[in-house]
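To start, the structure itself, in structure tokens.
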Amino acid sequence: MSLPAYLPQDLLPLRPKLLTCRAIPFAAAPLREALGCHEAHTSLGLMTADQDDALYAALDHATKFARVDVVYAKSLYAGAAHASGPLSGEILGVLAGDDPDEILEGLAALRAYLNEYACFYTFPGDASPAFFPHVIAETGDYLSAAAGVARGAPLAYLIAPPTESVVGVDAALKAADVRLCRYFGAPTETNYGGAYLTGTLYAVEAAAAAFAEAISDVVRRPLEAARRAPRERS
């Protein structure tokens, strides 16, 4: 996996791992209803992975390459390091469609996207956090609805630990002509935070770059404001 050109080139990719990937060609009707399927949905595709945001982006990608909908996608509490089982990871996602072959096509697109594009990154060094400075050039059905943008709109999908996410989103908003579509304040299920930003592709790439640079600054100087010399008060 090569680094996107807009990101700092010293970043280290943390490849996601798909833990389960199963298809149910003709799922039971009560289960389909419980998952929020439409009446036309007869088949399901299920998957878990050890990176929730990478899988959210991959689920969106699947909607661009197959006649499927994302009917269920939820992060699991405490993250992959504290998963309920060896195949649980930190997210369960479910695709639904009216044709088993469409489910298989959607799952194939999802796997390819996870393998080639969507992943968390970190900087060299033991103190660096994992974060997600991801750009989607054209959103599919799922993330366009989640972000409240038109299908096909560019999206900066920016996620990081608590302090890093706030500092990073601030830097991203100041770096380019982008709009804040949705903000995720910590604590979330995995105790990360972040935002969806939209604008031109150039603008969202610039925002993602600024997000990554701001996180690098926090890593280098986590107590920067605590170390300033005290000022005399009159």
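Checking the range 60-78 against the condition returns a match, with at least one residue being in contact (Cβ under 8 Å) with a residue 40 or more places away in the chain, in a helix (DSSP H, G or I), of a type in the set (S, T, N, Q) and touching an Asp or Glu at 6+ places or on another chain (Cβ under 8 Å). Scanning the range 1-37 for residues that are touching a His at 6+ places or on another chain (Cβ under 9 Å) and within 30 Å of A172 (Cα to Cα) yields a single hit, P4.
State which residue pairs qualify: first residue without any contact (Cβ under 8 Å) to a residue 60 or more places away in the chain and inside the range 155-182, second residue of a type in the set (V, I, T) and assigned to a strand (DSSP E or B) in any location, beta carbons under 7 Å apart, and separation of 6 or more residues or different chains. From residues that are without any contact (Cβ under 8 Å) to a residue 60 or more places away in the chain, the pairs are L155/I136; L155/T198; A156/V135; S165/I159; V178/T198; R179/T198; C181/T198. Looking across the range 196-223 at every residue that is over 15 Å from A175 (Cβ atoms) and of a type in the set (A, V, I, L, M, F, W, C), the one that is surrounded by the most Cβ atoms within 10 Å (Cβ to Cβ) is identified as V218. In this structure, does Y6 turn out to be part of a loop (DSSP other than H, G, I, E, B), surrounded by 13 or more Cβ atoms within 10 Å (Cβ to Cβ), within 21 Å of the chain's Cα centre (by Cα) and hydroxyl-bearing (S, T, Y)? Spelling it out, Y6 is indeed part of a loop (DSSP other than H, G, I, E, B), surrounded by 13 or more Cβ atoms within 10 Å (Cβ to Cβ), within 21 Å of the chain's Cα centre (by Cα) and hydroxyl-bearing (S, T, Y).
Answer with yes or no whether S128 is among the polar types (S, T, N, Q), over 20 Å from F65 (Cα atoms) and either part of a strand (DSSP E or B) or assigned by TED's automatic domain parsing to the domain that holds L197 (or both). So S128 passes the test. Just to be sure, is Y183 of a type in the set (F, W, Y), crowded, with 19+ Cβ neighbours inside 10 Å and within 15 Å of the chain's Cα centre (by Cα)? Taking the combined requirement at face value, the residue does not satisfy it. I'd like to know if the range 90-102 contains one or more residues that are part of a loop (DSSP other than H, G, I, E, B) and hydrophobic (A, V, I, L, M, F, W, C). Checking the range 90-102: not a single residue is part of a loop (DSSP other than H, G, I, E, B) and hydrophobic (A, V, I, L, M, F, W, C).
The values are calculated or read from the model by the stated rules, or taken from the named source; none is laboratory data. Since the structure is predicted, the reported quantities are computational estimates derived from the model, not experimental observations. FYI the Cβ positions are ideal-geometry reconstructions off the backbone, even for glycines, and counts take in every protein chain you see.
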